[in-house]
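Asks: Take a look at this one; I'll ask things after.
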Amino acid sequence: MQQLKQLYTQWNGKEPEKMEKLPGAGSNREYYRIFGAEGKTVIGCKGTSKEENHAFLVLARHFTKRKLPVPHILAWSEDEMRYLQEDLGSLSLFDAIKGGRDAGGRYTLKERELLKKTIRQLPNLQIRGARGLDFSVCYPQPQFDQDGVLFDLNYFKYCFLKATGLDFHELKLEANFRLLSKDLTSESTPQPLADGFLYRDFQARNVMLDKSGEPFFIDFQGGRRGPCYYDVASFLWQASARYSDTLRQELIAEYYGALKLYTEVPTFKYFSERLQLFVLFRTLQVLGAYGFRGYFERKAHFIESIPPAIQNLRQLMERNNFPYPYLMDVLKRLTELPQFAVEPEKPVARKDGYRTTDSNPYKPFPADGKATFSKYDGKGPLVVKVFSFSFHKGIPEDDSGNGGGYVFDCRSTHNPGRYEPYKQLTGIDEPVIRFLEDDGEILTFLDSVYKLADAHVARYIQRGFTSLMFSFGCTGGQHRSVYSAQHLAEHISRKFGVEVRLVHREQKIEQVFPRRI
């Protein structure tokens, strides 16, 4: 700390007024916010590896010269063990999307736009950043190659796989590791895409948002020459983020569209299929890191990240037929271990007031099976009631005396209830949500519902009406109607701020979205 203070004084001509140590993350580097006159701040860093610091300083100066969104380096010590950089503020992308992450991966439109803005900038760094870069400075190695891949795969084997106690044949697994490493480093795509700047640790924690909300990239000291797929896999399959398949596909499309601005690209089909290979590799690589940091260093954050990473692996294997039979057998047995069993997620509250599928607590009906909302007396501002129900049990009654409002029939859309894995779940459970959104029919259906509902709610507010009702019916009142009612209630609450009373009648669940206007 004292040496950073001296470096600041030498650079600024005056001693700092104060220094605050910033919370650490995964590395052993130490960061400080240093305050000068009139509250002006810079960030000071103390590293533990001269070669790593040297790599960061050279990369940062090169990227700044290329006018890429990275912090400017202001000063560094002669031995390069300490340096000062521009202070980009305290808001990381990781913090900015915390609400969606805490809600089990249900992100608001604002959060999704931040993710899209960030991933559109990635090829700018990867392609333009690689031009004229001396990769020999990269630490610990200058490029992505088979030796590096095998190192990470064995890191997974020794730091994670062996720690679980799972039995496996070392030589058979090693043979499949070698096949995978060869496939990852054999690239037929255009050279800039195969030999761009591979960020290596591209994740939401390493993206800072400036005052205008623009993304800046930090902590790229582990970067090297390599294929651009790796960073996309790293970002979109970050274990704790729990991005839905639909959101991942949107972000992949955003990245692919931006990539075309900088280099020749393969077909989208080829790009998507090749990406899955890197998702497999990245998932194993991070499990190795989680095993070391969690099982051996006993850091709670990394232990907590293991179950969602295993879930990523489980889903990846369900949707792809990778040509490594013994490795797939080992991974299948790994995901079936009792300690990695999938438990139903409990509803959690979004602190920002927005509810998306798993975010707010649900209130069950009392023992008599009747909703506990008091009868609305028709006085005061607009209250919107939204129901899900089974047509076999009749359309919900309207206690306002207005006749029940809109009734939508969801039975034309694909029914997850026809399939065994979803029969015990409802439209507020993540597997059902993923089924419906991946299929897409329910989204098209709701687009039309939203347009009609928006016009009606706006007109009711304008005319001073106090009660409006929407009901969604399907065969059992369990999947499609629940999903639709839940999403319309959220949509109206978010857009208009009126009180919304939601009842999933057959599930005996109710919820109130408080008035915000």
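The values are calculated or read from the model by the stated rules, or taken from the named source; none is laboratory data. Here the structure is a predicted model, which is why all the values come from computation and not from measurement. Positions of Cβ are generated from backbone atoms using ideal geometry, with glycine treated the same way; all protein chains shown enter the neighbour counts. Please note that ligands, DNA and RNA were not included when accessible areas were found on the heavy atoms of the full protein model with its side chains. Shrake-Rupley method; radii C 1.70, N 1.55, O 1.52, S 1.80 Å.
Asks: Looking at the chain only, what percent of DSSP beta bridges run antiparallel? Nearest 5 please. Spell out each step's value before the answer.
Replies: On the way: 32 of 51 bridges.
Bridges in the chain are about 65 percent antiparallel.
Asks: Of Gly440, Leu150, Phe513, whose Cα points farthest to the positive end of the dipole of the chain (charges on the beta-carbon: +1 Lys, Arg; -1 Asp, Glu; origin at the Cα centre)?
Replies: Highest projection toward the positive end goes to Phe513.
Asks: Give me a comma-separated list of calculated 3J(HN,Hα) values for segment 242-250, in order, Karplus coefficients 6.51, -1.76, 1.60 applied at θ = phi - 60°, integers in Hz, x for any Gly or Pro.
Replies: Result, ordered by residue: 6, 5, 5, 4, 4, 5, 4, 5, 4 Hz.
Asks: For the chain, give me every cysteine whose Cβ has no other Cys Cβ within less than 4.7 Å, ordered by residue number.
Replies: Lacking a cysteine Cβ partner under 4.7 Å: Cys45, Cys138, Cys159, Cys228.
Asks: Assuming a ≥ b ≥ c are the square roots of the Cα gyration tensor eigenvalues, decide whether segment 102-200 counts as rounded (a/c under 1.5), prolate (otherwise, with a/b larger than b/c) or oblate.
Replies: oblate
Asks: Taking amide hydrogens as modeled 1.01 Å from N in the peptide plane, which residues meet the under 5 Å criterion relative to Ala75, leaving out close sequence neighbours?
Replies: Leu84
Asks: A follow-up question, please. Could you work out the local net charge near Cys410, counting Lys and Arg as +1, Asp and Glu as -1, over the other residues with Cβ closer than 11 Å to its Cβ?
Replies: Around Cys410, the surrounding residues sum to 0.
Asks: Follow-up question, since we're still on this one. Enumerate the calculated ³J(HN,Hα) couplings along segment 421-438 in order (Karplus 6.51 cos²θ - 1.76 cosθ + 1.60, θ = phi - 60°), each rounded to whole Hz, writing x wherever the residue is Gly or Pro.
Replies: Karplus values, whole Hz, x for Gly and Pro: x, 10, 5, 9, 9, 10, x, 10, 9, 4, x, 5, 4, 4, 4, 5, 6, 5.
Asks: Which whole-number value in Å² is the accessible area per residue of segment 407-517, probe 1.4 Å?
Replies: 43 Å²
Asks: While we're looking at this one, here's another question. Using a Cα-Cα cut-off of under 26 Å, which lysines could be cross-linked to Lys5, ignoring same-chain neighbours fewer than 8 residues away?
Replies: Candidates past the 8-residue exclusion: Lys14, Lys18, Lys21, Lys40, Lys46, Lys50.
Asks: What are the residues whose amide H is under 5 Å from the amide H of Asp398, where those residues sit 5 or more places off or on another chain and H is modelled from the backbone?
Replies: Under 5 Å from the amide H of Asp398: no residue qualifies.
Asks: Could you give me the ³J(HN,Hα) list for segment 390-399, computed from phi with Karplus coefficients 6.51, -1.76, 1.60 and θ = phi - 60°, whole Hz, x at Gly and Pro?
Replies: These are the phi-based 3J(HN,Hα) values: 9, 4, 5, 10, x, 6, x, 6, 10, 7 Hz.
Asks: Where the accessible area of segment 234-342 is counted over protein heavy atoms with a 1.4 Å probe, how much of it, in %, is carbon and sulfur?
Replies: Solvent-exposed carbon and sulfur of segment 234-342 make up 57 percent of the total.
Asks: Need the list of aspartates and glutamates near Lys65 for cross-linking: C-alpha distance under 14 angstrom, and skip anything on the same chain fewer than eight residues off.
Replies: Asp134
Asks: If you keep only loop residues by DSSP, which trypsin sites (Lys or Arg not before Pro) in segment 125-189 have at most 13 other Cβ atoms within 10 Å of their Cβ?
Replies: Numbers: sites: Arg128, Arg131, Lys157, Lys162, Lys172, Arg178, Lys182; in loops: Arg131.
Sparse-neighbourhood loop trypsin sites (Lys or Arg not before Pro): Arg131.
Asks: Over segment 106-160, average the accessible area per residue using a 1.4 Å probe and give it in Å², no decimals.
Replies: Value for segment 106-160: 43 Å² per residue.
Asks: Please report, to two decimal places, log10 I(q)/I(0) for segment 182-331 at q = 0.13, 0.19 Å⁻¹ as given by the Debye formula with identical point scatterers on the Cα atoms and no solvent.
Replies: -0.65, -1.38
Asks: With a Cα-only, solvent-free Debye model of segment 1-145, what are the log10 I(q)/I(0) values at q = 0.11, 0.13, 0.21 Å⁻¹?
Replies: Each listed q maps to, in turn, -0.53, -0.73, -1.31.
Asks: With all distinct Cα pairs included, what does the Kirkwood hydrodynamic radius of the chain come out to in Å, to one decimal, could you say?
Replies: Roughly 25.7 Å, rounded to one decimal.
Asks: Would you mind checking which residues have amide H under 5 Å from Val407's amide H? H placed 1.01 Å from N; only 5 or more apart, or other chain.
Replies: It is Ser471, by chain and number.
Asks: What dipole magnitude, in Debye to the nearest 20, does the chain give about its Cα centre under +1 on Lys/Arg Cβ and -1 on Asp/Glu Cβ? Working shown, then result.
Replies: Working: 72 positive and 64 negative charges, 201 e Å.
Using only the charged Cβ atoms, the result is roughly 960 debye.
Asks: For segment 30-73, what is the accessible area per residue in Å², given a 1.4 Å probe and the full set of protein chains?
Replies: That works out to 44 Å² for each residue.
Asks: Next question. Over the chain, what is the mean sequence separation of C-alpha contacts under 8 Å (at least six apart), divided by residue count, expressed as relative contact order in percent?
Replies: 13 percent
Asks: Moving to a separate point now. At 1.4 Å probe size, with the rest of the protein present, what percent of the exposed accessible area of segment 96-227 is carbon and sulfur atoms?
Replies: It is 50 percent, rounded to a whole number.
Asks: Now, a different point. Calculate how large, on average over all directions, the projected area of the Cα convex hull of segment 423-480 is; give the answer in nm² to one decimal.
Replies: Mean shadow area of the hull around the Cα atoms is 4.9 nm².
Asks: What dipole magnitude, in Debye to the nearest 20, does segment 48-118 give about its Cα centre under +1 on Lys/Arg Cβ and -1 on Asp/Glu Cβ?
Replies: Working: 13 positive and 11 negative charges, 117 e Å.
Once rounded to the nearest 20, the dipole reads 560 debye.
Asks: Separate question: Treating cross-link reach as a plain straight distance, find the lysines whose alpha-carbon is under 19 Å from the alpha-carbon of Lys117, omitting any fewer than eight places away in the same chain.
Replies: Here the lysines satisfying the reach criterion relative to Lys117 are Lys67, Lys98, Lys211, Lys260.
Asks: If the viscosity is 1.002 mPa s and the temperature 20 °C, what translational diffusion coefficient in µm²/s does Stokes-Einstein give for segment 23-92 when Rh comes from Kirkwood over Cα pairs? Each step should come with its number before you reach the end.
Replies: Values: Rh = 12.8 Å.
D = 167 µm²/s.
Asks: Let me ask something additional. Subtracting the Cα-Cα distance from 0.36 nm times the residue separation, let me have the gained length for Lys332 to Glu170 in nm, one decimal.
Replies: 56.7 nm is the gain from fully extending Lys332 to Glu170.
Asks: How long is the gain from Tyr406 to Phe465 if the chain were fully straight, where each residue apart is worth 0.36 nm and the alpha carbon distance is subtracted?
Replies: 19.7 nm
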